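Enquirer: This is the structure I want to talk about, given as structure tokens.
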Amino acid sequence: MREAPAFYAVRGGRAADWWTILHPPYTVWHLSYVVLGAAMARHLDWSALGISLLAFLLAVGLAAHALDERMGRPLRTRIPDRVLTAVAAASLMGAAALGLYGAFWWGAVNWPLVIAVPVGAVLVVGYNLELAGGRLHNDLTFGLGWGGFPVVVGYVAQAPGFSWRGLLAAATATAAGVALTYAQRSLSTPARSLRRRIRDVSGTITMAEGELVALDRGVLIAPLERTLRALSWGVPLVALTVLATHL
């Protein structure tokens with residue numbers, strides 16, 4: 001039997017395909033950065049946080065992943081290209097509309113959020129469609145766009161005003177988001193190759209005591225995916241812990 005393209009992939013009908021495209025562990029992971037950024041504000045606006053989360057769910061959970069699947073079918077779903085394109089376009093426009101609503105009609109004009117809306121659209125389209133010769137499709141862009149950017153937007157959507165303490169906290173949280181997302185990419189890239197591109201691995205590992213350990217795909221992929229699974233739970237729990245300080 002052909003191995004699943006991801007540890008969270010589900011075989012079955014159309015519902016299973018959409019579940020797989022959502023990349024549930026990673027989507028929750030990246031939404032956690034929005035929560036972390038918002039929690040850096042001194043006073044938390046829960047409604048603004050809800051709108052921010054919905055916007056990123058549409059942009060990252062649906063639009064980005066639909067475009068990614070449209071590019072080369074890495075998850076081997078059977079959703080038609082036209083449906084993926086339509087879902088990506090509608091989701092991205094919905095995310096942009098929510099961002100502009102928060103920027104212009106949620107109190108005073110939030111200019112940092114105004115700037116963030118087109119930046120986010122460029123990241124989603126440019127990265128996932130590998131535009132400009134794939135110049136945006138790299139580890140650095142992924143770390144900045146899928147880790148740092150959600151933290152920044154989660155923070156500025158709170159219209160926190162200016163304070164050195166808040167800026168320092170947001171900057172530190174942003175750096176953490178970039179580092180964690182870069183680590184995610186470093187783990188998931190070889191894990192994806194082992195699942196989707198490498199047919200077989202064979203060999204042995206000789207331990208210091210002389211013991212021989214058989215080497216195969218399972219031995220290589222297990223520690224990568226165990227770490228990814230743990231982080232996909234750990235990062236959201238950290239975000240929730242910080243958020244709880246506002247209760």
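No lab work stands behind these numbers, since they all come straight from the coordinates. Just so it is clear, the model here is predicted, and its values are computed rather than measured. Because the Cβ atoms are built from the backbone with ideal geometry, glycine has one as well, and the counts that use them run over all protein chains shown.
Enquirer: With 10 angstrom as the radius, rank HIS43, HIS246 by how many other C-beta atoms surround their C-beta, starting from the fewest.
Expert: HIS43, HIS246
Enquirer: Something else: Name the residues whose placed amide hydrogens come within less than 5 Å of the amide hydrogen of LEU215, ignoring near sequence neighbours (fewer than 5 apart) on the same chain.
Expert: GLY203, THR204, ILE205
Enquirer: Sequence gap at least 6, Cα distance under 8 Å: using those rules, report the relative contact order of the chain to the nearest whole percent.
Expert: Details: 324 pairs, mean separation 65.5, N = 247.
Taking the mean separation of contacting Cα pairs over the length of the chain, I get 27 percent.
Enquirer: Would you mind ranking THR241, THR27 by Cβ crowding within 10 Å, fewest neighbours first? Write down the numbers at each step before the final one.
Expert: Numbers: THR241 11, THR27 20.
By the 10 Å Cβ count, ascending: THR241, THR27.
Enquirer: Choose one answer from LEU212, LEU228, LEU123: the residue with the largest mean-square fluctuation in a GNM of the chain with alpha-carbon springs under 10 Å.
Expert: Highest fluctuation of the listed residues: LEU212.
Enquirer: Just to check I understand the Karplus step: with θ = phi - 60° and J = 6.51 cos²θ - 1.76 cosθ + 1.60, what whole-Hz values come out for segment 210-225, glycine and proline as x?
Expert: Result, ordered by residue: x, 5, 9, 10, 5, 10, 8, 4, x, 5, 6, 7, 4, x, 5, 6 Hz.
Enquirer: Once you put a point 7 Å from the Cα of ARG78 and another 7 Å from the Cα of ALA16, both along the Cβ direction, what distance in nm separates them?
Expert: Result: 1.0 nm between the two label points.
Enquirer: Shape verdict for segment 14-246, please, from the Cα gyration tensor: rounded (a/c under 1.5), prolate (a/b greater than b/c) or oblate.
Expert: Oblate shape, in that a/c is at least 1.5 and b/c is the bigger or equal ratio.
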